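This report refers to the structure that appears directly beneath it.
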Amino acid sequence: MKRMTYVDKNGNQVDQAFENKKLLLRFFFVFGTVLPIILIILIVVTTFQNKRCSKVYDVIKTSTKNYAQDEETLPEVEGDSITISIGDLYAEQYLKSTQTNDTLCSGNVKITKYKNEYIYTLDVKNCNTCSTDKRFKTWSKPQATFPKGRTIVDVIPYYNYYGRDLNTTKWSKYYDDSELSDEISEYGIRLPLDQKEIPEVPKEANIYKIENEETKFYRYRDKSWKWYNIEGNYSEHTSEKPNGFANKDENTLIYSAWTDYVQNYPEEKEYRTIEQTTGYKMYYVNDKNEKVYYNDGKYSPRDEANTTKYDKAEPETTTLYRYRDKMWRWYNGQKREYSNYSSKGTAYTPYKDEKIENLGNPSAWSTEKAIDDSNKEYRVEESKIMTRFRTKYEFLTIIKLKEPLPKEEFEEKVKMTIDKFSKREDIKLEVTFQYRYKK
C-alpha cells in the first residue's frame, strides 16, 4: 500500500504523518506550559485563602476563650463542653467585623475540656469564603488518634470509672517564698526547690493533688535607747573631735553602719573596724539550663545570697572588705548621766537620745500579731507569707465498666450527671476520646 502524500499550495509534496506529529507537539507544548501556570495560580490562591481563613478562625477562637473566661463558663470536667454563639461575641464586643474580613459571621463554637487544655470546634457560617460549611463538606469517621494538622476537629468523650480510696498526708513544714520554685508545677502551684520535707506517699499510690496553704507569719523586735538627765552642750555623733567641743562622752558610743563590701582595702583608722571575707559569684541553673546569678554576677559573700536557691558558685573567688567606725557625742560643761538601754525613760532620765538606739533580737516567727497600744511606740513588726504542703493520693480498684460509654449512656448507667459524678471522692472518672475532623 502506498503512503499517502499531499501537496501544498505551491505544489510541493507534504508528509502528512510528519505534519500530524507537529500538531501533537504543539499541543503538548501548550499543555505543558499553561497547565503548570494554572496549577501555580491555584496553589497561590488556595494558600492565600487558607491563611486568610486561618486568621479568621484564630481570632474567633481567641474571642470565644476570652468570652467564656469572663463569663466563668469554661468547662471544668474533662470531656464536658459548652457551645457559644458567634453572634454573642459580636454583640458583647469580643469580636469585630474588621477582624473577620468586614463580615458579620454567624454560627457557633463548641469548647470541650480536653486533658489540660481546650478544643475549639468551629461551625462558622455566612462568612463568605471562610464559611466552614462551604470549605468542608463532611465529617470523617471517628478514629482513636488525634488528627493533627486538621482545621476543624471534634472530640467525642467516653466515660468509665474506678473505685478510689483517697488519702491525705500530714502537712509539711512551712517554706519561705524564697525556698519555692519560680515555675508553676503540673499541680498548678509553686513547689519547694527542695521537696524532701513534703511527706512521701506509698509507692503503689497515685498522687492525686498537691495542696498548699499560705499563712501570714509575724515576728518583732523591740527598740531601746539610752536616756539622759539634762540637755547640756553636746555635739552630734562623730568619730573625731569636732571644732568647739573639748570632751568625749564614752557613754554615747555608737557604730556607723557597715559599708558595702568592696575589693579595695580601706584606709585604716584607730576607731575603724575592718572585716574581710571571701567573695563568690553565686548562681543557680533554671529550667532552661541557664545560669542565673545573684547580685548581677558581682562578687558577694556566700551567706549574703540565699544559698538554698543560689546553690552553686564559680570556682574563681576574691577577697572583699567592709568597715564601720565608732562615733561619740562630744561636750562642753556639765556631763550628762545616761541610763542603760531601755525602751522607756524614767523620772530621773526622761530624755531619749534618739541616735543611741539598739534594736533587739527578733522573736520567733508566729501566726500571732504582737503589737498593741502598750508597745507600738518601740516595737517593730515584720511579716511574711509562708507556705506548707500536703499530698492527696489514691488507691484505685479495677475499672468498673466493661467498656467506656458515651455521655448520655454513662449518665443513664450511673443515674447521675457527669458533673456531679466527677465530684465524688470515692470514684475516679476516666475519660477517653474518639476524634473526627471536617474534610
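Nothing in this text is a laboratory measurement; each read-out follows from the coordinates by a stated rule. Remember, it's a predicted structure, so these values are computed and weren't measured experimentally. Glycine gets a Cβ as well: all are built from the backbone with ideal geometry, and neighbour counts include every protein chain shown.
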Report task. Show the residues, 5+ positions off or on another chain, whose built amide H is closer than 5 Å to the amide H of Gly107. Result -> Ile86, Gly87, Lys125
Query - the stretch 317-391: C-alpha gyration tensor shape, a/c 1.5 cut-off, then a/b vs b/c - result: oblate
Report task. Take every Cα pair under 8 Å in the chain that's 6+ residues apart, average their separations, divide by the length, and report that relative contact order as a whole percent. Result -> 26 percent
**Report entry** Long pairs among Lys344/Lys384; Lys248/Lys269; Lys196/Lys281, criterion Cα-Cα beyond 21 Å
**Finding:** Lys344/Lys384; Lys196/Lys281
Query raised in the report: Among the listed pairs Lys115/Lys400; Lys288/Lys438; Lys170/Lys423; Lys216/Lys309; Lys96/Lys407, which are separated by more than 31 Å between their Cα atoms?
Result: Lys288/Lys438; Lys96/Lys407
**Report entry** Share of alpha-carbon pairs per 20 Å distance bin for the chain, given as whole %
**Finding:** 14, 27, 25, 19, 10, 3, 2, 0
Query - Gap separating the Cα centres of the stretch 254-308 and the stretch 345-377, nearest whole Å - result: 31 Å
Requested in this report: Per DSSP H run of at least 4 residues, take -39500 (n - 2.57); add these up for the chain, divide by its residues and hand me the 222 nm value, nearest 500 deg cm²/dmol.
Outcome: -6000 deg cm²/dmol
Query raised in the report: How many angstrom separate the Cα center of the stretch 382-439 from the Cα center of the stretch 43-115?
Result: 27 Å
Requested in this report: Go through the stretch 66-119 and name the trypsin sites (Lys or Arg not before Pro) that are in a DSSP coil and have 13 or fewer other Cβ atoms within 10 Å of their Cβ.
Outcome: Lys96, Lys115
